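The values are calculated or read from the model by the stated rules, or taken from the named source; none is laboratory data. Please read these numbers as outputs of a predicted model, since none were measured by experiment. Quick reminder, even Gly has a Cβ in these numbers, built from the backbone with ideal geometry, and neighbours come from all protein chains shown. Areas reflect the complete protein model, heavy atoms only, side chains present, ligands, DNA and RNA absent. Shrake-Rupley method; radii C 1.70, N 1.55, O 1.52, S 1.80 Å.
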Amino acid sequence: MHNEALLMIDVQNDFCPGGALAVADGDAVIPVINAMQERFALRIATQDWHPAGHSSFAASHEGAAPFSMIDMPYGPQVLWPTHCVQGSEGAAFHPELALEGAALIIRKGYNRAIDSYSAFFENDRTTPTGLTGYLRDQGVTALTMTGLATDYCVRYSAVDARKLGFEVTLVENACRAIDMDGSLAEAMAEMKGCGVVVV
Ligand code: VGL
Ligand code: ZN
């Protein structure tokens, strides 16, 4: 049993400099996360893992520009550049991220019709990834969040974790943001508002 777990969110090549959806300075989180690892007996990584032609890709929608919005049956959705395609180099974890000690790698976004920012629920906000059950089985009550991107996958994961009753600590310098149209400020305000402890 473990009381706490380290969550390493989407530290993948496509979110690092040179990647298809590069987050500025994204790879700067790696030494920070690696240095934190031994403090956590339970370490979990998430991996954004989309089939080719995924509905969150602008290229899957005739005439749509990357970073534009679309209405999906489950609500508004940002259309992203094609990224983290299953089995591609871009979907691989950054080679410098230490993963030998990870107990679980949870993949998300593999359902073609629904995007999944959160490590807990897909973007319809109801389809579970299974992570909640895993954590509860392990006795986890507190989560420390790191990774990419602060304003999308980290944010949705942190907010869902709070709603599910976990204590959540966000390590700010172990995260980096996409920061589109004020999305970072909004994300920080939302996370703090629902009780995420930012350190
Ligand atoms: C992410 C946009 C699309 C993320 C994943 O990991 O924050 N953002 N897919
Ligand atoms: Zn994605």
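Per-structure values
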item: Charge dipole (debye, nearest 20) of the chain; +1 at Cβ of Lys and Arg, -1 at Cβ of Asp and Glu; result: 480 debye
item: Added length on full extension, which subtracts the Cα-Cα distance from 0.36 nm per residue, ASN173 to ALA92; result: 26.9 nm
item: Sulfur and carbon atoms: percent of accessible area, the chain [1.4 Å]; result: 52 percent
item: Max mean-square fluctuation residue, GNM over the chain, Cα-Cα springs under 10 Å, options GLU172, GLU122, GLU100; result: GLU100
item: Distance (nanometres) between label positions extended 7 Å along Cα→Cβ at GLU100 and ASP124; result: 4.1 nm
item: Contact order normalised by residue count of the range 9-84, Cα under 8 Å, 6+ apart, percent; result: 28 percent
item: Translational diffusion coefficient (Stokes-Einstein; Kirkwood radius from C-alpha pairs) of the range 81-199 at 25 °C, 0.890 mPa s, in µm²/s; result: 162 µm²/s
item: Radius of gyration and maximum dimension Dmax of the range 129-199, Cα, Å; result: 11.9, 39
item: Residues with amide H under 5 Å from that of PHE57, placed H, sequence gap 5 or more; result: TRP80
item: Extension gain, ASN111 back to GLU62 (0.36 nm per residue minus Cα-Cα distance, nm); result: 15.6 nm
item: Charge-dipole axis of the chain as Lys and Arg at +1 and Asp and Glu at -1 on Cβ define it, positive-most pick from ALA149, ALA58, PHE120; result: PHE120
item: Full-extension gain in nm, MET36 to ALA52, via 0.36 nm per residue minus C-alpha separation; result: 2.4 nm
item: Relative contact order for the chain, counting Cα pairs under 8 Å that sit 6 or more residues apart, in percent; result: 26 percent
item: Listed residues TRP49, TRP80 arranged by accessible area, highest first, probe 1.4 Å; result: TRP49, TRP80
item: Binned Cα-Cα distances of the range 118-167, short to long, each 10 Å bin given as a whole percent; result: 26, 59, 15
item: The chain pair-distance distribution - Cα-Cα, 5 Å bins, rounded %; result: 1, 8, 17, 22, 23, 17, 9, 3, 1, 0, 0
item: Spin-label model distance (nm) - MET180 vs ALA24, 7 Å beyond Cα toward Cβ; result: 1.6 nm
item: Charge-dipole axis of the range 1-148 as Lys and Arg at +1 and Asp and Glu at -1 on Cβ define it, positive-most pick from ALA28, ALA92, LEU42; result: LEU42
item: For the chain, accessible area per residue (1.4 Å probe, heavy atoms of protein chains only), Å²; result: 43 Å²
item: Solvent-accessible area of MET69 with every protein chain in place, 1.4 Å probe, in Å² to the nearest 10; result: 120 Å²
item: For the range 1-53: rounded, prolate or oblate by the Cα gyration tensor [a/c cutoff 1.5]; result: oblate
